[in-house]
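These notes are about the structure you will find just below.
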Amino acid sequence: MSERTLRGKVAIAGVGESTYYKHGKAPDAEFKLALQAILAACADAGVDPREVDGFASYGNDRSDPPRLAAALGIRELRFSNMHWGGGGGGVAAAVANAGAAIQAGMANCVIAFRSLAQGQFARYGRGAQQAAAAGDDAFLAPYGLMSPAPRFAMKITRFMTDHGIRHEALRAIALTSYFHAQTNPRAVMQGRPLDVEKYEASRWIIEPFH
């Protein structure tokens, strides 16, 4: 086995989440929701929150690790890290960075997290009221590509074309996600199973996504 792998060297010991709300309906601030999820993960792992000594996040998360550490009463913050870009896929990098920090001896217990309350701040798909778009947004926002589905639609379509992937593959992903949601009482789509007929009859978000 390669010495560069994290396999078998670190472990995900606990998972936590706050309550999911519709846009603008969360009674608590984004920072408080982050704390609720972290406390739930610590409880799941059987870890005292004060023993946490690192944080890894992604997507320009606004919940600052030193502030989180102070609110949790953490004894010593040894590691904090942010992965930029990747959208929701950044969670994989955050988990990997957390594992790498532990393996490297920089920290012992790292929280990989993401906190987002769109009602408190901006909303995906709604253009920001600003004079100019900077960075990647300068090439996307003026053309209406302001949320994950439109941003990835063209890339996915090209990938499907190049590799001969049919639309049924995307349908299978959606059906699988809904299937697993039925076993999670906290899932947004729990109690709302999806079948092939419902999927095919649903509206387009933006092709090729229903």
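The values are calculated or read from the model by the stated rules, or taken from the named source; none is laboratory data. None of these values were measured; they are calculated from a predicted model. For neighbour counting, all protein chains shown are included, and Cβ atoms are generated from backbone atoms with ideal geometry for every residue, glycine included. The accessibility values were calculated without ligands, DNA or RNA, using every heavy atom of the protein model including side chains. Shrake-Rupley method; radii C 1.70, N 1.55, O 1.52, S 1.80 Å.
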**OP:** Excluding residues fewer than 8 places away in the same chain, name every one of the lysines whose C-alpha is closer than 24 Å to that of K198.
**Re:** K22
Original post:
Counting only the heavy atoms of the protein chains, how much of D28 is accessible to a 1.4 Å probe, in Å² to the nearest 10?
Top reply: 40
Original post:
Where a Cα-Cα gap under 15 Å defines reach, which aspartates and glutamates qualify for K32, not counting those fewer than 8 residues away within the same chain?
Top reply: E17, D61, D64
**OP:** Any chance you could look up the accessible area of T176 with a 1.4 Å probe, heavy atoms only, rounded to 10 Å²?
**Re:** 70
Original post:
Where in the range 1-72 are there GluC sites (Glu not before Pro) that are in a DSSP coil and have at most 16 other Cβ atoms within 10 angstrom of their Cβ?
Top reply: E3, E17
**OP:** Whole number in Å², please: accessible area per residue of the chain, 1.4 Å probe, ligands, DNA and RNA not counted.
**Re:** 66
Subject >> Label corresponding to mean projected area of the Cα convex hull in nm² when calculated from the structure given, among [x] 10.9; [y] 15.0; [z] 13.2 >> reply: [y]
Subject >> Degrees between helix 90-103 axis and first principal axis of the chain (Cα, 0 to 90, nearest 10) >> reply: 20
**OP:** Let me have the relative contact order for the chain, percent, based on Cα pairs under 8 Å that are six or more residues apart.
**Re:** 17
Subject >> Within the range 130-210, chymotrypsin sites (Phe, Trp or Tyr not before Pro) in DSSP loop having at most 10 other beta-carbon neighbours inside 10 Å >> reply: W204
Original post:
For the range 14-84, which whole percent of the accessible surface, found with a 1.4 angstrom probe, sits on carbon and sulfur atoms?
Top reply: 49
